[in-house]
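Here's the structure we're looking at; comments come further down.
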Amino acid sequence: MIQIRIHGRGGQGVVTAAELIAIAAFFDDKQSQAFPSFGVERTGAPIEAYARIDNKPIRTREQVRRPNVLIIQDPTLLETVDVANGCDLTTKVIINSSKDKSKLKIKLPEKNIFVLDATKIALEELGRNIVNTVILGAFAKTTGLVSLPSLKQAIAQKFSGKSQEIANKNIKAIEQAYSHAF
């Protein structure tokens, strides 16, 4: 079972990112689940969400304490939260940042750290600093856990109640991140 933990701030779509991973995995014929960390989830407060992917049914429902993949949507959390807690030397880390990975304060092997300026792509493609969908393009590329077509299908489904323009912008942002990722 692959376990994914996503860190961000309230209002950044952390929970939606976990849901999109689970939906995309489902479209790839895998078992999946997604859920948030429960607590005070106010705008701007540090929050976590989780996703799991497996080829067999997933029975566990507890928080992800030892992630195989760590996604950090807001790089300021590196200064204030122990985001690497529970990670090991094999954990893949995807960080939204414009800085070089050698300049980031995270104590994990650099070879497993992937940095993408998702904020820049979000501002260009979406017109807003909402990186949750953008960073999933990098997630698909670096991990291979979900396919790009399934991720695009997940976006189309999740945003079906909104305008087609919003869905298309998010799909374009994911494609940009996928093509620029590492």
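For this structure, a couple of remarks:
- Candidates A51, A22, filtered to the one that is in a strand (DSSP E or B), within 16 Å of M1 (Cβ to Cβ), modelled with pLDDT of 95 or more and within 13 Å of the chain's Cα centre (by Cα): A51
- Tally of residues being part of a helix (DSSP H, G or I) and either under 28 Å from N112 (Cα atoms) or touching a Cys at 6+ places or on another chain (Cβ under 9 Å) (or both) across segment 163-182: 11
- Residues that are out of contact with any Gly (no Cβ under 7 Å at 6 or more places or on another chain) and assigned to a loop (DSSP other than H, G, I, E, B) within segment 25-46 comprise D28, D29, K30, S37, F38, G39, V40, listed in sequence order.
- Meets criteria (surrounded by fewer than 16 Cβ atoms within 10 Å (Cβ to Cβ) and assigned to a loop (DSSP other than H, G, I, E, B)) for S160: yes
- A single entry from L77, L145 fulfils the requirement of being in contact with a His (Cβ under 6 Å, 6 or more places away or on another chain) and over 18 Å from K169 (Cα atoms): L77.
- Helices (runs of 4 or more DSSP H) wholly inside segment 54-157 containing at least 2 residues that are surrounded by fewer than 21 Cβ atoms within 10 Å (Cβ to Cβ), without any contact (Cβ under 8 Å) to a residue 60 or more places away in the chain and among the charged types (D, E, K, R): 118-125
Rundown of residues vs (1) under 16 Å from the mean Cα position of the chain (by Cα); (2) within 29 Å of K30 (Cα to Cα), yes/no style:
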residue: T60; (1), (2): no, yes
residue: D88; (1), (2): no, yes
residue: I94; (1), (2): yes, yes
residue: K111; (1), (2): no, yes
residue: T119; (1), (2): yes, no
residue: N129; (1), (2): yes, no
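- Residue that is nearest to I21 (Cα to Cα), among those in segment 47-101 that are among the acidic types (D, E) and out of contact with any Gly (no Cβ under 6 Å at 6 or more places or on another chain): D54
The values are calculated or read from the model by the stated rules, or taken from the named source; none is laboratory data. Small disclaimer: the values here were computed from a predicted structure and weren't measured. Please note: Cβ atoms are built from the backbone with ideal geometry, for glycine as well, and neighbour counts cover all protein chains shown.
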